[in-house]
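Worksheet: one structure, shown below.
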Amino acid sequence: MSPASAPVTVLSEDESWSLLSSMTLGRFVTCLGGQPEIFPVNFATQRPTVLFRTAEGTKLFSAVMSDQVAFEADHHDPSLIDGWSVIIKGSAHVLSTSDELEEAERAQLRTWTATLKLRYVRVIASEITGRRFKFGPEPDHESIIG
């Protein structure tokens, strides 16, 4: 099977950042009290970081308390021919200095819901991985095993 027809292709770091930058909705993932937490957030990329806004609450507390976090975004075309997923692993930092907040404001990140979200959280990537998928029927088990 040629790489062009492979059902799963590993993306380069540049391809992963490019695809991630094309999206505005992703999932912020933390672990709090030994339990996984996942939050949908609208975001912007400021390579090599992801930036989102939040209000006081579990999401902010999780960002502060978690040593390691993850962030995921994905996409598939409406006809289900192909798709992709990008995952970042790293740490989260709640922005507080005037320089940090000024840089965050340049991203022009606006909230999607009619709620006040005064805090910015920056996910600092220590690793980024991406996969592109070609959708299709499952291969015949007999031809693979037999």
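Proximity of backbone amide H atoms, modeled 1.01 Å from N, is registered between Val69 and Gly90, Ser91, Ala92 at under 5 Å, excluding neighbours fewer than 5 places apart on the same chain.
Rolling a 1.4 Å probe across all protein chains gives Ser12 an accessible area of roughly 50 Å².
Taking a point 7 Å from the Cα of Ile124 along the Cα-to-Cβ direction, the residues of region 47-90 with backbone N closer than 13 Å to it are 48-50, 67-69, 90.
Each Lys and Arg Cβ is given +1 and each Asp and Glu Cβ -1; about its Cα centre, region 8-105 then shows a dipole of about 320 debye.
Per-residue SASA remark: Met65, around 110 Å² accessible (1.4 Å probe; ligands, DNA and RNA not included). Across Pro40, Pro78, Pro48, mean-square fluctuation computed from a Gaussian network of the chain (C-alpha pairs under 10 Å connected) peaks at Pro78.
What does the convex hull of the Cα atoms of the chain come to per residue, in Å³, rounded to a whole number?
Working: hull volume 21.5 nm³, N = 146.
Each residue corresponds to 147 Å³ of Cα convex hull volume.
Solvent-accessible surface (1.4 Å probe) assigned to His75 amounts to roughly 80 Å².
The values are calculated or read from the model by the stated rules, or taken from the named source; none is laboratory data. Note that the structure is predicted; figures quoted are calculated from it, not measured. Please note: Cβ atoms are built from the backbone with ideal geometry, for glycine as well, and neighbour counts cover all protein chains shown. Keep in mind that these areas ignore ligands, DNA and RNA; they rest on the heavy atoms of the full protein, side chains included. Shrake-Rupley method; radii C 1.70, N 1.55, O 1.52, S 1.80 Å.
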